[in-house]
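Student: One structure, as structure tokens, below. Some questions next.
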Amino acid sequence: MTTVSMTVNGKPVSADIEPRTLLVQFLRENLRLTGTHVGCDTSQCGACVIHIDGRAVKSCTTLAVSCEGAAITTIEGLAQGGTLHPMQEAFREHHGLQCGFCTPGMIMAAIDIVGRRGGELDEQTIREELEGNICRCTGYHNIVKAVAAGAEAMAAGRPLEHAAE
Ligand code: FES
Ligand code: FES
């Protein structure tokens, strides 16, 4: 066992874990943050995307011990006092989900895209950038619309999640 400490959604956490523990296991099993999903065992689906120090990362291929001292944000950390993050709101508004299994990873990836590429995203850019996120309900049309709208809302001055990290 080894001790790992990090900040998750603004709260300091510390635990004794097996060195082989994946970050997604740590979040789901130790911290009970089950909004981060596991949708494959090949690092392809993106259901497990979270942010480490403000950057989107697949938590199924990250060792928890490698996050010592890092600031982690999961889907549970986006809403502020009952107000959804603009990207969450955009997914709701534009029906960017069907079963919802891929949605947390899509939203975390989308916020990262805005952080890197800005708020004016065309369809091709969004589709290329979401290459690492699979929606098995194949609802990409509305997901793309939601990401574009969420990006615009974020750029319009509503709080950027990256800025808080
Ligand atoms: Fe991480 Fe599929 S569970 S990429
Ligand atoms: Fe079902 Fe994407 S909404 S997997």
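Student: Tally up the residues in segment 71-89 that are surrounded by 19 or more Cβ atoms within 10 Å (Cβ to Cβ) and either in contact with a strand residue (DSSP E or B) (Cβ under 7 Å, 6 or more places away or on another chain) or part of a strand (DSSP E or B) (or both), please.
Tutor: 3
Student: Could you look through segment 1-52, keep only residues that are among the acidic types (Asp, Glu) and part of a loop (DSSP other than H, G, I, E, B), and pick out the one that is nearest to ALA79 (Cα to Cα)?
Tutor: Filtering segment 1-52 for residues that are among the acidic types (Asp, Glu) and part of a loop (DSSP other than H, G, I, E, B), the one nearest to ALA79 (Cα to Cα) comes out as ASP41.
Student: Considering only segment 90-138, how many residues are within 16 Å of ligand 1 (Cβ to nearest atom) and either assigned to a loop (DSSP other than H, G, I, E, B) or surrounded by fewer than 18 Cβ atoms within 10 Å (Cβ to Cβ) (or both)?
Tutor: Result for segment 90-138: 11.
Student: When the residues of segment 6-47 are narrowed to those that are in contact with a Gly (Cβ under 6 Å, 6 or more places away or on another chain) and near ligand 1 (Cβ under 9 Å from one of its atoms), which ends up farthest from GLY105 (Cα to Cα)?
Tutor: Once the filter is applied, the top-ranked residue is CYS45.
Laboratory data are not the source of any read-out in this text; all were calculated from the coordinates shown. Bear in mind the structure is a predicted one, so any value in this text is a computation, not a measurement. Quick reminder, even Gly has a Cβ in these numbers, built from the backbone with ideal geometry, and neighbours come from all protein chains shown.
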